[in-house]
Each structure stands twice: as C-alpha cells, then as structure tokens.
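The values are calculated or read from the model by the stated rules, or taken from the named source; none is laboratory data. Quantities reported herein were computed from a predicted structural model and do not represent experimental measurements. Cβ atoms come from the backbone with ideal geometry, glycine included; neighbour counts cover every protein chain shown. What goes into the accessible areas is simple: the full protein's heavy atoms, side chains included, and nothing from ligands, DNA or RNA. Shrake-Rupley method; radii C 1.70, N 1.55, O 1.52, S 1.80 Å.
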Amino acid sequence: MEHKNLNLTLKIWRQKNSKEAGNFVSYKVSDISADMSFLEMIDVLNEHLINAGDEPVAFDHDCREGICGMCSMYINGRAHGPWQGTTTCQLHMRAFNDGETITIEPWRAKGFPVIKDLTVDRTAFDRIIASGGFVSVNTGNAKDANNIPVPKDDADKAFAAAACIGCGACVAACKNASAMLFVSAKVSQLALLPQGQIERETRVLNMVSQMDAEGFGSCTNTGACEAECPKEISIENIARLNREYFMANLKKKDYL
Amino acid sequence: MSKLNSKIPEGPLETKWTKYKSTVPLVNPANKRSIEVIVVGSGLAGASAAASLAELGYKVKCFCFQDSPRRAHSIAAQGGINAAKNYQNDGDSVFRLFYDTVKGGDYRAREANVYRLADVSANIIDQCVAQGVPFAREYGGYLSNRSFGGTQVQRTFYAAGQTGQQLLLGAYSALERQVGLGTVKMYSRHEMLEIVMIDGKARGIIARDLISGKLERHFGHAVLLCTGGYGNVFFLSTNAMGSNVTAAWKAHKQGAFFGNPCFTQIHPTCIPVSGDHQSKLTLMSESLRNDGRIWVPKQKDDKRKANEIPEEERDYYLERRYPAFGNLVPRDVASRAAKERCDAGYGVGTSKMAVYLDYAAAIERYGNVQANKLNLHNPSKEKIIELGKEVVKEKYGNLFDMYAKITGENPYETPMRIYPAVHYTMGGLWVDYELMTTVPGLYALGEANFSDHGANRLGASALMQGLADGYFVIPYTIGSYLSQDIRTKAIPTDHEAFVSAEKKVQDQLDRLMNIKGTKSVDHFHKKLGKIMWDKCGMARNEQGLKEAVAEIRTLREEFWNDVRIPGLQNEFNLELEKAGRVADFLELGELMCMDALNRKESCGGHFREESQTEDGEAKRDDDNFAYVAAWENKGNNNWELHKEELNFEIVHPSQRSYK
Ligand SMILES: Cc1cc2nc3c(=O)[nH]c(=O)nc-3n(C[C@H](O)[C@H](O)[C@H](O)COP(=O)(O)OP(=O)(O)OC[C@H]3O[C@@H](n4cnc5c(N)ncnc54)[C@H](O)[C@@H]3O)c2cc1C
Ligand code: SF4
Ligand code: FES
C-alpha cells in the first residue's frame, strides 16, 4: 500500500441552528493520512477545534459502514462526494489530492431543514413510510414462509430496490429536490412481491401524496439522483412508480 | 436467599413456553387502550416490540437517539438470522438449535430461555417474509439458507450481506405503520437519561430532546429498554458510533442487576486497525468464513506478498488445529487462534496484526460448479475464475466492495487481511424468563439484556434473539405484569418522582458542562478503550485486571476534572451527548473488570490465562462457576454479587471440542 499524507483546506458550512443564517468557514488540516475515512478526517478537524476552544462541526453519522444512511455531506458539489456508489462515511481520503480545497455543505432541500452545520432533519422520509411503505400484517398473522414462493428474478429486483438506506442524497442531488427515487424504491420493492399486492394501489397513492405534502419537488428525469445514490438504486424504479401511480389512479376512477 | 427469581415455568422443557402462553394472565382490549408502554430503542428488539404491542392495543411511546428509527445499529448486521425451519432437510430441529446455542454459549445460558428462543425462531422468518423482507431465494422461488460459524446445518436465512438492514426495515415498516395509525408516538433524536421510579416500580423516563437540549418527562406503566450492547466501552469496535450503555447503566443504578458484564464477543473477521486516526472497526461478515480459508505464512515475519507464498508454505491454522470444524469454529476460538499466531510473530500486513482470509479456492470451486451448470465443456482456467468471481460477487459482493473501499485493495485478486475486533456483548441487564429486570415494570430486550447466549454468541443468533424478544416473547410476558396494573391511572408528570429524576439529570448535565477542562471526550474514551482492550480483551489475567481497575478509577477522576465540552446545554450538542455516554462507560469498565476478576475460569469469550488446557484451549470450571453473575449496584462504584445457579437438565456440560 502506498502511504501519502495530505494538507487540505476545508470550506465548511457553519450554521448555529435552523433559525440563524449560515456561512462558509475555511479551516486548514494537515498531515491527513490517505487511509483515513472522510469522517475520520473531520474527526481530526474537530479534535483541533475543541482543543482550540472552538465548537466542533456538527454532522450526522452512526454506523460508518455505509448502511445506516445517517451520514450526509455534500462534498465539492456532489452528494456523498466523488466516489460512485459510496456514502460519505465510506469515502476515503485517497480520493483527494494534496493541497486541495474541499467544500462541504449539508443536504439542501425544502423537505430537509438544517438543524445545525451539516446536520439536517430528514423525518419527512419517516412520514412518507408511515403513510404506506409497509405490508399490513400484524405479528402472528403469518403463515409458513415457504408458502409464498417468489420468482428469484422478482426477489432479486425487490432486494435491489430495498437496498435504499434512506439517506436523502437523491433529494440533495436533484435540482428540484425531488424524493422520487427514495419513494419509488419502497413502492417497487413491495409492488414486485406477492406480499405487497393487496395494498398496491393505496400504497402508491398515499406515499406520493405524503411526498408532495412534505414539499419535495417533482421529477423531471434528469437522473442526478441515480448518479449520486450510494446504493445505486436504479431510476427504473421511478418509471415503475409512475406506472403504478397511473394504474392506481385509473383503478380509483373505476371505483367512483 | 437469593434475590434472583428467574421465574422459569415448571414442567418439561419442550412445553414450558406453550404452557406459559396459555396460562399467562391477559389484559382485555379495553384496558390495553389506557395502558402506556415506553419502548426505549428502535433496533430489531425495540421496533418489533413497539409495533407488536401497539398492534395489541397498548399506547406506545418509542425513543431512539438517531434521526430515524430505521438507523438503529441493527441495520448494520450483515450475515444472517438463524431459524429452525429445516427447509434444507439436513437434520435441523428446534432441539438442535437449542442444543447448539447452549453448547456454543459454553454452558452459561439458561436452558429454558434458549429453548423458547429456538422454538419461536421459525415464526420470525414467517413474520418477516409476510412483511416483504426480501430474503435470498433459490431459482425455484423458495428461501435459501447457508451455514454460519459454529454450526453444521444450513439454518441461516440471509439477504446478501444486508440481513440486518432488511430485517430492521421490516420491523421499521411495522413500526411506522403504527405511527401512522397513531398508536405509537415516535421520539427520534431523543436520549433516555433516567428511569423514574415510583413505589419501587419503573414508571417512566427522563429524555433529552437532542435538538433543543430540553429535558422531557414521560410516563409509562412499564418501560422496555431495547438499547443494544455496550461494545463501545472499548472505543474501537464494530458497533455504530453512538451505541452506548447509558440507558442500561441508568437502570442499573436504579436497581436493575447487571448480568455477566465481562462476557464480550471478539469477532474474528474484521478489517485491521490502520492507524491512530481509526474511529471504528468494520466487520467482514462471518459468512465469509464459509467459503474463505484463513492462513498465515509458515515462516515468521514473511515479507512476501500473499500471492507469492506457495501453497505448501501457508499455515491454514484453523484447519490444522480443528480438523472437524476447520474455518467454521466458533468466534471465540477463531479469534484466539488469530491472536495466538500474531503474538507468535506470524502476522501479516504492515502492522503484523492480521491474518489472511483467502477466496482463491472458493472462486475456483464455484467457477467449476457454474461451468457445469452452464454445460460448458473444458472451460479455460480464466473462464472458471471469471464465473467463480461472479458467484462470489453475488454472495458477498457488498462485503468485497466495502473491503476495497476501506483498504484500497481488491479482494477478488489478493487475500483480505483480517483481525479480531470487539463485536457484541453477551452481558447486559439481568432479566427473568419474562424479560423483566430486577426492577418491577422495567424490561430489557435484545442485546441490552444478558440474554440467551451464555458466554459466547453463535453467528446469526442476535438478530433471532432481538426479534424473538420483540415479536413473540414480550407481547405475552408483559401481560403478566400489566394485568395486575390495570387500575393504575396514568401518573401526571408533575409527580415528585418525575421532578426529582429530572433534577438529577439536570445536575449531571450542569456538572459536565461546568468542568470546562482541557481534553476532548474522545481523548478519555480512547484511553479507556485501550485499557479495556489490553487488559480485559481477548485474554485476561488477574494482575492485568487489577491494574485495569486502578487505571480506570484514575481515568474517571481525570475525566470529571478535565473534560472539555464546547457549546451549550440547551442546543444540539454532540460533544455533550458523547460525554454522558463516556461517563457511564467509565463506570461500566470497572464493573466488567471486577466481573472478569471474579470469574476465575475461562468460558466462551472470557479467557482467563490462568485457566487453560495444555494445548491452550479455554478451561471451564463448572463446579465453581456454573452461574450467572448478577451485580447489584451499591452506589459509589461498589457492587454486590448475586449468583443465579444454572441447572442443566437436558444438555450436560462437556468440554467444548471442535477438533
Ligand atoms: C457489524 C455488525 C454485524 C452484525 N451481524 C449480525 C448478524 O449477521 N447476525 C446476527 O444475528 N447478529 C449480528 N450482529 C449483532 C446484532 O446486529 C445486534 O446484536 C442486534 O442488532 C442488536 O439489536 P438491538 O435491537 O438489541 O439493539 P440496537 O439495534 O443496537 O438498537 C438500539 C436502539 O436503542 C436506542 N438507544 C440506545 N440508547 C438509547 C438512549 N439512551 N435513549 C434513547 N434511545 C437509545 C438506539 O437509538 C437504537 O434505536 C451484528 C453486529 C454488528 C456490530
Ligand atoms: S434512493 Fe439512494 S440516495 Fe435516495 S435515499 Fe435511497 S439510498 Fe439514499
Ligand atoms: S454513517 Fe451510516 S451510512 Fe454513513
């Protein structure tokens, strides 16, 4: 393994709370090992800030393995930074060059108000799931699991959609701040599986209506979401969502 | 008389739970509506409990410190979940799963609990599939299984390397459905900081709203702690950064006994430490041991690259030492064997604290099978490797990608480097058969309790236990307590007990903020972690443990005099959150060392150097230590030991042997 150490300038968005305006502040960090993760680099900065009597940069993170969906930094104009299919916590410093200036911002979207510095409020996603992102099966209702065979292909596609970690990078990457990729991933997972059929129509209608109510923008098919999604959720899911939504509306009219 | 009543039902092992379920007092639906239950935690245990209790009609409040319940640490579990379905027709049964778990736990778990766990395991898979959890499937459309560290049957269900994520998202969807129905009120970004006790019963909690920093009082007829494990006492572990002991510790200080605190699991397959900046360690799922082969060079301090070392100069030490189980020996055995090789000077990588996990043979084997499936005659070696890589990618792709991102090396081409790391804590709050702690009305579920895993947990059994506790155990057992409590009206939170509990929390926060010292919270956490890893880690001895106790006490003093917490109390303040957690770890660490000192035998993950066989295997001492050590907090870091004797009626303890 090659070892290199980096000296960097960080331009970081600082914002005291949701009410006060924020601004960029520049910091220098030196001797950053290329083996560090991006968040470990921020840890180093924070340790310096604390030792100097300043306030550390607030940011969300938990698993640091790319699975909880908590980390959320907009790095050099890209959600989760330069590496494809990678969360901020899995980005490593070997992605950067010595002497570089790195700009770090929070997710910016109406649906995701800033709480502090790089931390935003993503509870809108929970409310979208609560509106329909489930199968209504109480504990104890289930019959033997192998009584529901699922064609492997459908199972694989459902799994690929279910891989969404709810990070919100798709929203941050989209110029309209649309949450379509996130919503379509859940709608697709359940539409592809036999278990999801019974509530298929109500689910998509309710989830889309909640998404709109949360203030997320509409989708104009630019594909920025797919390009920045750390789990490489396919934009095909959005096409499926549109079909599901169209069909559900047709059926709804039939009922009337 | 022991203060511990495990409340194990009478009767034969196989019928205890059935009988219990059919005789436990019930709460009628009208009464359930006026009973409030607090669930702290939204991982597998918490989310499944909160959803199931709400479905039954209870009014539930659920808390987590992350921004969404979906991000609880359970999300990170990779490998799989066990269940005695016997779908593979390979001889599995409830009894076998029970037996394997008791044996794997080195005979330090309660038989009745473990049997119940095995018994409900099949229902868990049914429930999850009904929710739409996308488990791996075969071409025929049926569920796929694999075998997992320490077992000889294929009973592990999985969703690629994201099983925890998919199970948690299933439980989370059930939880959010109840939130939508208004039966669960969810409090994310909230941290529980105290249990409120009224007339000797748990009646609520004090929580801090992590965004505003304000303290809140919440009443509950019962309180469930589903707050996960405390592996982060070691600073470096595979746990998520926020995982902590605070909730359990506050409960402990209010009278809940702490069971077997020293039982820690060190996982054999993690990515090694790369430098001082390391903030956490990443697990490479144990499922990798199914197909990967572990080795070190036969020659000490071999400087050659892995691929340059010929087959005959490699020491596949697990296969050598344990021919019957080979690379699939239980975690504690595999971890110690890696430490042994590295300590003896055979380690690899720059730090020399690593061993190889090699996929070359598996790639070739899968390639051949795949070539046959595709009816390819005389495929070239390249073709076989290519096909084999595809199969390996499908099975373990996300793990290989993760490895590549972290290390910058390609694991399809060169063997991975791995080393053991702290992973799981078998110890936790002592609970009886009903999952109640020694505090009436206070329950502990999931990794937070001292659980069913004895001294060592088998792979894929934590997810099973968390979901068993939440979906299938607590909905029944809580009735036993709440049915006696239907006349209790909701207690207003201006009750004196809430006022004084809140004041206590406030005082601690003030005290922390006012230290205004010179060193960061992490500084102390790292120091504590080092003491714990060096002296209460993979191998422990009397002298080291005694030193550790003294060092922790000194460190705790320093912390309370010199920690620096920037910012204010009434705002979003991550350093303050961390400080509270580290303060509790600094007390827990001492108790872990005391427990390890007390337990002079080796068992499971607890290896006392003084107690080993001639060939260096752990030596149990059933005559003196076949008990659960349950510690009562006496205040000011004093503890009294209570023993729950373990009676083995069915599985008779024998020396574990994987040879
Ligand atoms: C990397 C990794 C891989 C694993 N893989 C497997 C596997 O393949 N198979 C397996 O069986 N097991 C596995 N395990 C173990 C398993 O994941 C855990 O034991 C299990 O998920 C714990 O679930 P839990 O519900 O008890 O707690 P957690 O999922 O840890 O949830 C704890 C909850 O409590 C909340 N909380 C904690 N403290 C407070 C507080 N003071 N106030 C408010 N909320 C609080 C948190 O917000 C969270 O919601 C793995 C563990 C790790 C670390
Ligand atoms: S679709 Fe991708 S970017 Fe959007 S929330 Fe899910 S994982 Fe994140
Ligand atoms: S911290 Fe969990 S995905 Fe990045």
Exercise. Kindly provide the helix-only [θ] at 222 nm of chain B, computed as the sum of -39,500 (n - 2.57) over DSSP H runs of four or more divided by all residues, to the nearest 500 deg cm²/dmol?
Key: -12000 deg cm²/dmol
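What FRET efficiency comes out for A:Gln197 versus B:Lys7 if R0 is 56 angstrom and r is the Cβ-Cβ distance? Round to the nearest 0.05. Walk me through the numbers before you get to the answer.
Numbers: r = 43 Å, r/R0 = 0.77.
According to the calculation, E is roughly 0.80.
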Quiz item: Between B:Ile266, A:Leu39, A:Ala185, whose Cα lies farthest towards the positive end of the dipole of the protein assembly as shown when Lys and Arg beta carbons carry +1 and Asp and Glu beta carbons carry -1, centred on the Cα centre?
Solution: A:Ala185
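In terms of the Cα gyration tensor, with a ≥ b ≥ c the square roots of its eigenvalues, is segment B:267-421 rounded because a/c is under 1.5, prolate because a/b exceeds b/c, or oblate?
Cα axes put segment B:267-421 in the prolate bin.
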Practice problem: Let me know the charge dipole size of segment B:169-244 about its Cα centre in debye, to the nearest 20, where only the beta-carbon of Lys, Arg (+1) and Asp, Glu (-1) is charged. | Solution: 140 debye
Quiz item: Cα centroid distance between segment A:146-191 and segment B:371-404, in Å?
Solution: 27 Å
Self-check item: Within 10 Å of each Cβ in B:170-176, the average number of Cβ atoms from other chains
Solution: 6
Quiz item: Rounded to the nearest whole Å², what accessible area per residue is found for the protein assembly as shown with the 1.4 Å probe?
Solution: 36 Å²
Exercise. Please tell me which of these pairs span more than 21 angstrom C-alpha to C-alpha: B:Lys7/B:Lys201; B:Lys339/B:Lys659; A:Lys19/B:Lys185; A:Lys28/B:Lys516; A:Lys28/B:Lys352?
Key: A:Lys19/B:Lys185; A:Lys28/B:Lys516; A:Lys28/B:Lys352
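At a threshold of 8 angstrom on Cα-Cα distance, excluding pairs fewer than six apart, so keeping six or more, what relative contact order does segment B:390-537 reach in percent?
Values: 75 pairs, mean separation 18.8, N = 148.
Relative CO of segment B:390-537 lands at 13 percent.
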Quiz prompt | Apportionment of accessible area to carbon and sulfur, segment B:267-421, percent (1.4 Å) | solution = 50 percent
Quiz item: Roughly how many whole Å is it from the C-alpha centroid of segment B:602-659 to that of segment A:23-72?
Solution: 42 Å
Quiz item: Averaged over peptide A:35-45, how many Cβ atoms belonging to another chain are found within 10 Å of each residue's Cβ?
Solution: 4
Quiz item: Which of the lysines could a cross-linker span from A:Lys175 if the Cα-Cα distance has to be under 18 Å and same-chain partners fewer than 8 positions apart are dropped?
Solution: A:Lys110
Quiz item: Which of the listed residues, A:Ile233, A:Ala158, A:Pro194, is farthest toward the dipole's positive end in segment A:122-255, when Lys, Arg count +1 and Asp, Glu count -1 at the beta-carbon?
Solution: A:Pro194
Quiz prompt | Spin-label model distance (nm) - B:Arg511 vs B:Tyr142, 7 Å beyond Cα toward Cβ | solution = 6.0 nm
Quiz item: In deg cm²/dmol, rounded to 500, what helix-only [θ] at 222 nm does chain A give when every DSSP H run of at least 4 residues adds -39500 (n - 2.57) and the total is split over its residues?
Solution: -10500 deg cm²/dmol
Quiz item: What is the distance, in nm, between label points placed 7 Å from the Cα along the Cα-to-Cβ direction at A:Ala52 and at B:Glu394?
Solution: 5.4 nm
Quiz item: How high is the FRET efficiency between B:Ala344 and A:Lys28 when r is their beta carbon distance and R₀ equals 25 Å, given to the nearest 0.05?
Solution: 0.05
Quiz item: Along the charge dipole of segment B:496-633, which of B:Gly616, B:Leu545, B:Leu597 sits closest to the positive end, that is, farthest toward it, with unit charges on the beta carbon of Lys, Arg, Asp and Glu (+1, +1, -1, -1)?
Solution: B:Leu545
Practice problem: Once you have a ≥ b ≥ c as the square roots of the Cα gyration tensor eigenvalues for chain B, tell me rounded if a/c is under 1.5, and otherwise prolate or oblate according to whether a/b is larger than b/c. | Solution: prolate
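Could you work out what % of the accessible surface of segment A:122-255 is carbon and sulfur, using a 1.4 angstrom probe and leaving DNA, RNA and ligands out of the count?
52 percent
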Self-check item: Rough spin-label spacing in nm, given labels placed 7 Å along Cα→Cβ, for A:Thr222 and A:Asn138
Solution: 4.7 nm
Quiz prompt | Protein heavy-atom accessible area occluded, A/B pair - total, 1.4 Å probe, Å² | solution = 6200 Å²
Self-check item: More than 22 Å apart - percent of Cα-Cα pairs taken over segment B:104-239
Solution: 62 percent
Quiz prompt | Other-chain or far-sequence residues with amide H under 5 Å of A:Ala142's (modelled H) | solution = none
Quiz item: For segment A:169-179, in order, what is each residue's ³J(HN,Hα) by Karplus, 6.51 cos²θ - 1.76 cosθ + 1.60 with θ = phi - 60°, in whole Hz (x at glycine and Pro)?
Solution: 4, 4, 5, 5, 7, 8, 5, 9, 6, 8, 9
Quiz item: Using a ≥ b ≥ c from the Cα gyration tensor of the protein assembly as shown (square roots of the eigenvalues), is it rounded, prolate or oblate, where a/c under 1.5 gives rounded and otherwise the larger of a/b and b/c decides, a/b for prolate?
Solution: rounded
Quiz item: Hey, got the dipole for segment B:540-625? About the Cα centre, +1 on K and R Cβ, -1 on D and E Cβ, debye to the nearest 20?
Solution: 240 debye
Exercise. Taking the Cα centre of segment A:6-115 as origin, work out the dipole magnitude from +1 charges on Lys and Arg Cβ and -1 charges on Asp and Glu Cβ, in debye rounded to 20.
Key: 560 debye
